[in-house]
Amino acid sequence: MKLERLILLTFVSLLWSCGATQKSKITMAQKNKLDSLVAQKSYVFNANQALPLMTNSMNSLANAGFFPPGSLPNQVNLTGNGNYVKVLGDSLSADLPYFGERQMGGGYNTEGSGITFKGNAERYEAKFDKKNQRYDVQFRIRNKMEMFNVRLMLFPNMTGSMSISSNQRFAIRYNGKISEVERE
(Lines give C-alpha, C1' and ligand atoms only; values in the text may rest on other atoms or scores of the structure.)
Protein backbone atom coordinates (compact mmCIF):
# COMPACT_ATOMS: atom_id res chain seq x y z
CA MET A 1 0.00 0.00 0.00
CA LYS A 2 2.86 2.42 0.85
CA LEU A 3 4.62 1.63 -2.41
CA GLU A 4 1.43 2.33 -4.40
CA ARG A 5 1.01 5.70 -2.65
CA LEU A 6 4.65 6.56 -3.29
CA ILE A 7 4.32 5.69 -6.98
CA LEU A 8 1.06 7.64 -7.24
CA LEU A 9 2.56 10.63 -5.44
CA THR A 10 5.65 10.54 -7.67
CA PHE A 11 3.51 10.28 -10.80
CA VAL A 12 1.23 13.16 -9.76
CA SER A 13 4.16 15.40 -8.83
CA LEU A 14 5.85 14.58 -12.14
CA LEU A 15 2.70 15.49 -14.08
CA TRP A 16 2.25 18.65 -12.04
CA SER A 17 5.82 19.80 -12.62
CA CYS A 18 5.60 19.10 -16.35
CA GLY A 19 2.29 20.90 -16.72
CA ALA A 20 3.13 23.85 -14.50
CA THR A 21 5.22 25.74 -16.98
CA GLN A 22 5.79 29.25 -15.82
CA LYS A 23 5.09 32.09 -18.16
CA SER A 24 8.25 34.03 -18.71
CA LYS A 25 8.10 37.34 -16.94
CA ILE A 26 8.29 40.26 -19.30
CA THR A 27 9.93 43.33 -17.87
CA MET A 28 8.61 46.78 -18.63
CA ALA A 29 11.98 47.70 -20.16
CA GLN A 30 11.72 44.79 -22.65
CA LYS A 31 8.18 45.73 -23.62
CA ASN A 32 9.06 49.43 -23.96
CA LYS A 33 12.05 48.64 -26.19
CA LEU A 34 9.94 46.47 -28.50
CA ASP A 35 7.14 49.08 -28.52
CA SER A 36 9.67 51.70 -29.58
CA LEU A 37 11.20 49.58 -32.36
CA VAL A 38 7.80 48.69 -33.82
CA ALA A 39 6.44 52.26 -33.53
CA GLN A 40 9.53 53.68 -35.26
CA LYS A 41 9.55 50.86 -37.84
CA SER A 42 13.24 50.40 -37.17
CA TYR A 43 14.13 46.76 -36.56
CA VAL A 44 15.83 43.75 -38.09
CA PHE A 45 14.72 40.13 -37.82
CA ASN A 46 17.82 37.89 -38.06
CA ALA A 47 16.82 34.31 -38.83
CA ASN A 48 18.81 31.57 -37.12
CA GLN A 49 16.54 28.65 -38.01
CA ALA A 50 14.47 27.77 -41.09
CA LEU A 51 11.49 25.45 -40.71
CA PRO A 52 10.47 24.32 -44.20
CA LEU A 53 7.36 22.32 -44.96
CA MET A 54 8.22 18.63 -44.75
CA THR A 55 7.65 16.88 -48.07
CA ASN A 56 8.90 13.70 -49.73
CA SER A 57 11.31 15.78 -51.81
CA MET A 58 12.79 17.42 -48.70
CA ASN A 59 13.21 14.00 -47.11
CA SER A 60 14.99 12.76 -50.25
CA LEU A 61 17.36 15.73 -50.13
CA ALA A 62 18.11 15.01 -46.46
CA ASN A 63 18.86 11.37 -47.26
CA ALA A 64 21.26 12.55 -49.98
CA GLY A 65 23.10 14.77 -47.45
CA PHE A 66 22.19 18.18 -48.88
CA PHE A 67 21.56 19.91 -45.53
CA PRO A 68 24.14 21.62 -43.31
CA PRO A 69 25.54 19.65 -40.36
CA GLY A 70 23.17 19.58 -37.39
CA SER A 71 20.13 20.20 -39.57
CA LEU A 72 17.05 18.14 -40.37
CA PRO A 73 14.81 18.38 -43.44
CA ASN A 74 12.23 20.33 -41.40
CA GLN A 75 14.67 22.30 -39.21
CA VAL A 76 17.69 23.94 -40.85
CA ASN A 77 20.33 25.75 -38.79
CA LEU A 78 21.08 29.21 -40.24
CA THR A 79 23.32 30.56 -37.50
CA GLY A 80 26.08 32.75 -38.89
CA ASN A 81 24.63 33.11 -42.39
CA GLY A 82 23.49 36.76 -42.21
CA ASN A 83 19.82 36.10 -43.02
CA TYR A 84 17.52 39.04 -42.37
CA VAL A 85 14.33 40.97 -42.89
CA LYS A 86 14.89 44.68 -42.28
CA VAL A 87 12.13 47.20 -41.60
CA LEU A 88 13.29 50.81 -41.82
CA GLY A 89 10.41 53.23 -42.13
CA ASP A 90 8.34 52.31 -45.16
CA SER A 91 11.24 50.45 -46.77
CA LEU A 92 11.57 46.70 -46.29
CA SER A 93 14.33 44.39 -47.46
CA ALA A 94 15.10 40.72 -47.05
CA ASP A 95 17.72 38.15 -47.92
CA LEU A 96 16.75 34.68 -46.69
CA PRO A 97 17.67 31.22 -47.93
CA TYR A 98 14.75 29.10 -49.06
CA PHE A 99 14.39 25.39 -48.40
CA GLY A 100 11.35 23.82 -49.98
CA GLU A 101 9.55 23.20 -53.23
CA ARG A 102 8.57 25.66 -55.92
CA GLN A 103 4.98 25.43 -57.09
CA MET A 104 5.73 27.05 -60.43
CA GLY A 105 8.82 27.21 -62.57
CA GLY A 106 10.98 30.17 -61.74
CA GLY A 107 12.80 30.39 -65.04
CA TYR A 108 16.33 31.70 -64.98
CA ASN A 109 16.25 33.55 -61.70
CA THR A 110 19.10 36.04 -61.64
CA GLU A 111 18.31 36.92 -58.00
CA GLY A 112 19.14 33.44 -56.73
CA SER A 113 16.86 30.85 -55.24
CA GLY A 114 16.36 32.49 -51.83
CA ILE A 115 13.70 34.92 -50.71
CA THR A 116 14.83 38.43 -51.57
CA PHE A 117 12.91 41.66 -51.79
CA LYS A 118 13.48 45.38 -51.39
CA GLY A 119 10.92 48.15 -51.52
CA ASN A 120 7.70 49.36 -49.95
CA ALA A 121 5.18 46.91 -48.55
CA GLU A 122 1.53 46.69 -49.41
CA ARG A 123 -0.80 46.71 -46.40
CA TYR A 124 1.85 46.85 -43.66
CA GLU A 125 0.09 46.41 -40.33
CA ALA A 126 1.47 45.96 -36.81
CA LYS A 127 -0.91 45.11 -33.96
CA PHE A 128 -0.13 44.30 -30.33
CA ASP A 129 -1.72 41.03 -29.13
CA LYS A 130 -2.36 41.70 -25.44
CA LYS A 131 -3.29 38.10 -24.62
CA ASN A 132 -0.06 36.63 -26.04
CA GLN A 133 2.12 39.68 -25.27
CA ARG A 134 3.52 40.01 -28.79
CA TYR A 135 3.30 42.10 -31.92
CA ASP A 136 1.75 40.61 -35.03
CA VAL A 137 3.17 42.30 -38.10
CA GLN A 138 1.74 41.46 -41.50
CA PHE A 139 2.56 42.78 -44.96
CA ARG A 140 2.69 41.91 -48.62
CA ILE A 141 5.61 42.73 -50.84
CA ARG A 142 6.75 41.70 -54.29
CA ASN A 143 9.99 41.41 -56.14
CA LYS A 144 10.40 41.08 -59.91
CA MET A 145 9.22 37.46 -59.93
CA GLU A 146 6.74 36.85 -57.11
CA MET A 147 4.48 38.14 -54.34
CA PHE A 148 5.24 37.35 -50.68
CA ASN A 149 2.79 37.34 -47.78
CA VAL A 150 4.73 37.79 -44.55
CA ARG A 151 3.57 37.36 -40.95
CA LEU A 152 6.08 38.25 -38.28
CA MET A 153 5.48 37.68 -34.56
CA LEU A 154 7.73 39.81 -32.35
CA PHE A 155 8.16 38.99 -28.66
CA PRO A 156 9.41 41.31 -25.88
CA ASN A 157 12.41 39.02 -25.21
CA MET A 158 13.63 40.19 -28.64
CA THR A 159 12.90 36.94 -30.44
CA GLY A 160 10.57 36.41 -33.33
CA SER A 161 8.92 33.90 -35.60
CA MET A 162 8.10 34.58 -39.22
CA SER A 163 6.10 32.73 -41.84
CA ILE A 164 6.32 33.51 -45.54
CA SER A 165 4.05 32.26 -48.27
CA SER A 166 4.43 32.99 -51.94
CA ASN A 167 2.54 32.58 -55.17
CA GLN A 168 5.34 30.30 -56.43
CA ARG A 169 6.66 28.35 -53.42
CA PHE A 170 5.51 26.27 -50.50
CA ALA A 171 5.31 28.22 -47.24
CA ILE A 172 8.26 28.35 -44.85
CA ARG A 173 8.79 29.54 -41.27
CA TYR A 174 11.83 31.13 -39.67
CA ASN A 175 12.81 31.67 -36.03
CA GLY A 176 15.27 34.32 -34.99
CA LYS A 177 16.18 37.40 -33.01
CA ILE A 178 15.07 41.02 -33.22
CA SER A 179 17.49 43.92 -33.04
CA GLU A 180 17.56 47.62 -33.70
CA VAL A 181 18.61 48.80 -37.14
CA GLU A 182 22.16 50.12 -37.01
CA ARG A 183 22.25 53.62 -38.47
CA GLU A 184 24.95 54.28 -41.03
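The values are calculated or read from the model by the stated rules, or taken from the named source; none is laboratory data. Computed from a predicted model, the values in this text were never measured in an experiment. Positions of Cβ are backbone-derived with ideal geometry, glycine not excepted, and every protein chain shown enters the neighbour counts. Keep in mind that these areas ignore ligands, DNA and RNA; they rest on the heavy atoms of the full protein, side chains included. Shrake-Rupley method; radii C 1.70, N 1.55, O 1.52, S 1.80 Å.
Of the accessible area of segment 26-184, with the probe set at 1.4 angstrom, what percent is carbon plus sulfur? Show your work: numbers first, answer last.
Numbers: 4320 of 8950 Å².
Of the solvent-accessible surface of segment 26-184, carbon and sulfur hold 48 percent.
Please tell me which of these pairs span more than 20 angstrom C-alpha to C-alpha: Lys33/Lys177; Lys86/Lys127; Lys31/Lys130; Lys41/Lys144; Lys25/Lys177; Lys31/Lys131? Mind showing how you got there, number by number?
Values: Lys33/Lys177 14 Å; Lys86/Lys127 18 Å; Lys31/Lys130 11 Å; Lys41/Lys144 24 Å; Lys25/Lys177 18 Å; Lys31/Lys131 14 Å.
As for pairs spanning more than 20 Å Cα to Cα, those are Lys41/Lys144.
Taken one residue at a time, the phi angles of segment 146-153 give Karplus couplings (6.51, -1.76, 1.60, θ = phi - 60°) of 8, 9, 10, 9, 10, 10, 10, 9 Hz. Gly and Pro are set to x.
Pull out the extension gain between Gln138 and Ser60, defined as 0.36 nm times the separation in residues minus the alpha carbon to alpha carbon distance; nm, one decimal.
Answer, rounded to one decimal: 24.8 nm.
For segment 111-183, trypsin sites (Lys or Arg not before Pro) meeting the loop criterion (DSSP other than H, G, I, E, B) and having at most 14 other Cβ atoms within 10 Å: Lys130, Lys131, Lys144, Arg183. Modelled label positions at Ser113 and Lys86, each set 7 Å beyond Cα in the direction of Cβ, lie 2.6 nm from each other.
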